[in-house]
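Enquirer: Here you go, one structure.
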Amino acid sequence: MSSWLDYTINGLILGNVYALVAVGLALIFGVSRLINFAQGSIYLVGAYVGWVAVVALRTPLFITIVLVAAIAALVGLIIERFGLRPLQNSVRIAPLLATIGISFVLDQIVMLTFSPNPRALPSQLPDIRFQIGTGTIGPLDILIACIGATSALLLFVFLRYTKLGWAVRATAQDRDAAMQMGVDVNRVNQTVFGIAAALGGLSGMLVGMYYNQIDTAMSLHATLKGVVAEVVGGAGNVPGAVVGSLLLGLVESYGVAVFGTSYRNLFAFLLLIVVLVFRPNGLFASAKQAPPEPLTGTFIAPSRPVRIPRWALLVAFAAFALLPFLPVSSYVLQTLINAWLFAMLALSLTLVAGTIGQVSLGHAALLAIGAYTSALLSLDLSVPVSMSIICGGLMSAALGTLLISPSFRLRGHYVSIATLAIGEIISLVILNWETVTHGPIGVSGIPPLSLFGFELVGVTSIYWFSFAVMVLLALLQVRLLGSHIGRSFRAIRDDDVAARAYGLSLNRYKALAFIFGGFAAGVSGGIAAHLYSYINHETFNTQQSILALTIVILGGLGNVAGAIAGSVALVGLPEVFRIAAEYRILIYGIVLLLLVRFRPQGLLGTI
């Protein structure tokens, strides 16, 4: 009984920490209708500012709290002023993508400054426990609860009794009406981002003290947990975000008690999916609340695509096909092999996101399904490698579409959130399903690539194989987009209400897009598994999903040639010029920010 009380206390404490992130996200969404994916990076900044204050400067606890909140708030103000305000009149998806790019940049700056090695963050409080009934509680638990309650109270007073708070509430209720009444919306946005960032920074510091450890990989999970708590309570609903955070903390804590630590995050994402499917506006949203507006038709930047002459495409094809005959190093060929693999993933994503309007942030999960299917079939059942890769593509198409189908009824930013959650769920299932996937130890000794019984051992043969597969998938996609199915895809993307009025079955065509896209991604994952010879649950991660999204935006959403060109530019060139590995993610983030700001239609234009 005492252990369950401890788990309850632990869940409530975690819920208080999540609430600091979720409340900030709810405030921003209420005012800007934006899911701020950079909130976790501010959480990371707060954790490391706390470490500098405690370990290097040895500041008292109160000064540490004030310093963390102030610097985090400053970062939030900078993000709003220079990262998001210039996008006020841009397409609606632009600010969301900008926060992803900002997150990449902040994470990499912190990593380059402090190194990726974990660091201990002392709590500055006595290491004692107080007996409460059959359970115990420590000074840090009390501090976290007090900061959570105090923050909620101050926020309530601010929103209810101050003029600026009234302006925030008015903007959240009706932004256009608030502007007509003379509300300075820019000042409101600045205030909200400052408050949200201060709360996020404090949350990072408190979590670091609670677990006595921080590292540069903690930002993504902080964002995901905050988004889960916010969506469960109701996007933009501050009290709902608090209750959703407490519920999330309890669900995680009880799940760990029953199933173990490795299942902690799985319960959070399953809770999110259940809420999105059955009550997408959140548990505490009003029954009269209108559903979110679709993003389809609003994120494709108007442009005239660059028409590449057929002879130019043939010349490019011949040049890349004949490249191994030229005096180039094997390193260049290996780099282009990676580019062709990412081009297959980009073809998949540009079909799903650019053609039918389903922005997927968990697309790397399709790589994982294809990779594990192909690896296990060839390793355990001795299926020929070429056949196992095709089976990997088919499994990725079927299973991926089945898993993502609940999100077909969602609209707005919820589609991106759902795909991100499903990607994390697949990774966690791979981690915990040891009897099939070998769990955390991964799959090793995967047979090398072979074709018709002949093993592809040289880099040249692997280059030609991957290039040929990529070209074949690209030609099939061009044929698909030129058919009536492709025209139906674009009709749904541009205006799903009008498409439905004309008799198009939205779910059917969305499923078709994911089937075709899932096959391409699964084939890419299968080839990668046999190239790597070892894979685990971390091989295909969220960073690869974001990189794929950056590639398709760089090339032009819905543009087949753009997906290939973007892959060569974003994957191949940094390798060819041997830019240090630790700077690549920073480059990707900066490229994404520049594209969203200055060239949202991509290099070759959207189609």
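The values are calculated or read from the model by the stated rules, or taken from the named source; none is laboratory data. Since we're looking at a predicted model, the values are computed, not measured. As a convention, Cβ positions derive from the backbone with ideal geometry for all residues, glycine included, and neighbour counts pool all protein chains shown. With ligands, DNA and RNA removed, areas are computed over all heavy atoms of the protein, side chains included. Shrake-Rupley method; radii C 1.70, N 1.55, O 1.52, S 1.80 Å.
Enquirer: Size of the dipole of the chain about the Cα centre, Lys and Arg at +1 and Asp and Glu at -1 on the beta carbon, nothing else charged, in debye to 20?
Expert: 1600 debye
Enquirer: Using the basic label-point model (7 angstrom from Cα toward the beta carbon), what is the residue 82 to residue 164 distance in nanometres?
Expert: Each label point is offset 7 Å from its Cα along the Cβ direction, giving 2.2 nm.
Enquirer: Which whole-Hz couplings ³J(HN,Hα) result when phi for each residue of the stretch 142-150 is put into the Karplus expression 6.51 cos²θ - 1.76 cosθ + 1.60, θ = phi - 60°, listed in order with x for Gly and Pro?
Expert: 5, 4, 4, 5, 5, 5, x, 5, 5
Enquirer: Just to confirm the number: angle between the C-alpha axis of helix 385-404 and the first principal axis of the chain, 0 to 90 degrees, nearest 10?
Expert: That helix lies at roughly 40 degrees to the long axis.
Enquirer: Projected onto the charge dipole of the chain (+1 at Lys/Arg Cβ, -1 at Asp/Glu Cβ, origin at the Cα centre), which of 179, 86, 361 gives the Cα projection farthest towards the positive end?
Expert: With unit charges placed on the Cβ atoms, the residue in question is 179.
Enquirer: Another question about this same structure. Using packing as a proxy for protection, rank 72-85, 497-510 so that the peptide with the highest average count of other Cβ atoms within 10 Å comes first.
Expert: Ranked from most to least packed, the peptides come out as 72-85, 497-510.
Enquirer: Kindly rank 25-34, 264-273 from highest to lowest mean number of other beta carbons found within 10 Å of each residue.
Expert: 25-34, 264-273
Enquirer: Please calculate how many Å² of accessible area the chain carries per residue, with a 1.4 Å probe and no DNA, RNA or ligand atoms counted.
Expert: Solvent-accessible surface per residue comes out at 42 Å².
Enquirer: Using the Karplus equation 6.51 cos²θ - 1.76 cosθ + 1.60 (θ = phi - 60°), what ³J(HN,Hα) coupling, rounded to whole Hz, does each residue of the stretch 546-557 give in order, writing x for Gly and Pro?
Expert: Per residue, the Karplus-derived 3J(HN,Hα) values read 5, 4, 4, 5, 4, 4, 6, 6, 4, x, x, 4 Hz.
Enquirer: In debye to the nearest 20, how big a dipole does the stretch 402-499 give about its Cα centre with +1 on each Lys and Arg Cβ and -1 on each Asp and Glu Cβ?
Expert: Around 380 debye, computed over the stretch 402-499.
Enquirer: Now a separate question. Quick one: net charge of residue 162's neighbours, Cβ under 15 Å, K/R +1, D/E -1?
Expert: +3
Enquirer: Going toward the positive end of the dipole of the chain, with +1 on Lys and Arg Cβ and -1 on Asp and Glu Cβ, which of 65, 113, 545 do you reach last?
Expert: Positive-end residue among those listed: 545.
Enquirer: Also, quick follow-up: So what's the net charge close to residue 352: Lys and Arg +1, Asp and Glu -1, counting the other residues with Cβ under 14 Å from its Cβ?
Expert: Result for the neighbourhood of residue 352: +3.
Enquirer: Using alpha-carbon pairs under 8 Å, 6+ residues apart, how would you state the relative contact order of the chain in percent?
Expert: About 20 percent, as a whole number.
Enquirer: Ok, one more. In degrees between 0 and 90, to the nearest 10, how far off the longest principal axis of the chain does helix 2-32 point, with axes built from Cα atoms?
Expert: Taking the Cα atoms of the chain, the angle to 2-32 is about 70 degrees.
Enquirer: Also: Expressed as a rounded percentage, what relative contact order does the stretch 45-118 have, with Cα pairs under 8 Å and six or more residues apart?
Expert: RCO, the stretch 45-118: 25 percent.
Enquirer: Amide H to amide H, which residues 5 or more places from residue 383 or on other chains are under 5 Å from it, using H placed in the peptide plane?
Expert: Sorted by chain and number, the residues that satisfy this are 378.
Enquirer: On a 1.4 Å probe surface of the protein chains, which of 340, 311, 433, 51 comes out largest in accessible area, and what is the full order?
Expert: The ranking, largest first, comes out as 311, 433, 51, 340.
Enquirer: Please give the calculated 222 nm ellipticity per residue for the chain, where each DSSP H segment of at least 4 residues contributes -39500 (n - 2.57) and the sum is spread over every residue; nearest 500 deg cm²/dmol?
Expert: It comes out at -22000 deg cm²/dmol, rounded to the nearest 500.
Enquirer: Within the accessible area of the chain, what % is carbon and sulfur when the probe is 1.4 Å and the other protein chains stay in place?
Expert: Roughly 67 percent, rounded to a whole number.
Enquirer: In Å³ and rounded to a whole number, note down the convex hull volume per residue for the Cα atoms of the stretch 1-126.
Expert: Taking the convex hull of the Cα positions in the stretch 1-126, it is 138 Å³ per residue.
Enquirer: Which of the peptides 188-196, 359-367, 598-606, 470-478 is most tightly packed, and how do the rest follow, judged by the mean count of other Cβ atoms within 10 Å per residue?
Expert: 359-367, 188-196, 598-606, 470-478
Enquirer: Starting at the first residue of the stretch 39-50, write each ³J(HN,Hα) from the Karplus equation 6.51 cos²θ - 1.76 cosθ + 1.60 with θ = phi - 60°, in whole Hz, x for Gly and Pro.
Expert: Per-residue couplings from phi come out as 4, x, 6, 5, 4, 5, 4, x, 4, 7, 5, x Hz.
Enquirer: Along the three principal axes, how long is the chain when you take its alpha carbons, biggest first, rounded to the nearest angstrom?
Expert: Cα spread of the chain along its principal axes, largest to smallest: 70, 56, 44 Å.
Enquirer: What does the charge add up to near residue 129, with Lys and Arg as +1, Asp and Glu as -1, over the other residues with Cβ less than 11 Å from its Cβ?
Expert: Counting the neighbours of residue 129, the net charge comes to -3.
Enquirer: Further question on the same structure: Between residue 317 and residue 52, what is the FRET efficiency for a Förster distance of 51 Å, r being their Cβ-Cβ separation, to the nearest 0.05?
Expert: Efficiency, rounded to the nearest 0.05: 0.45.
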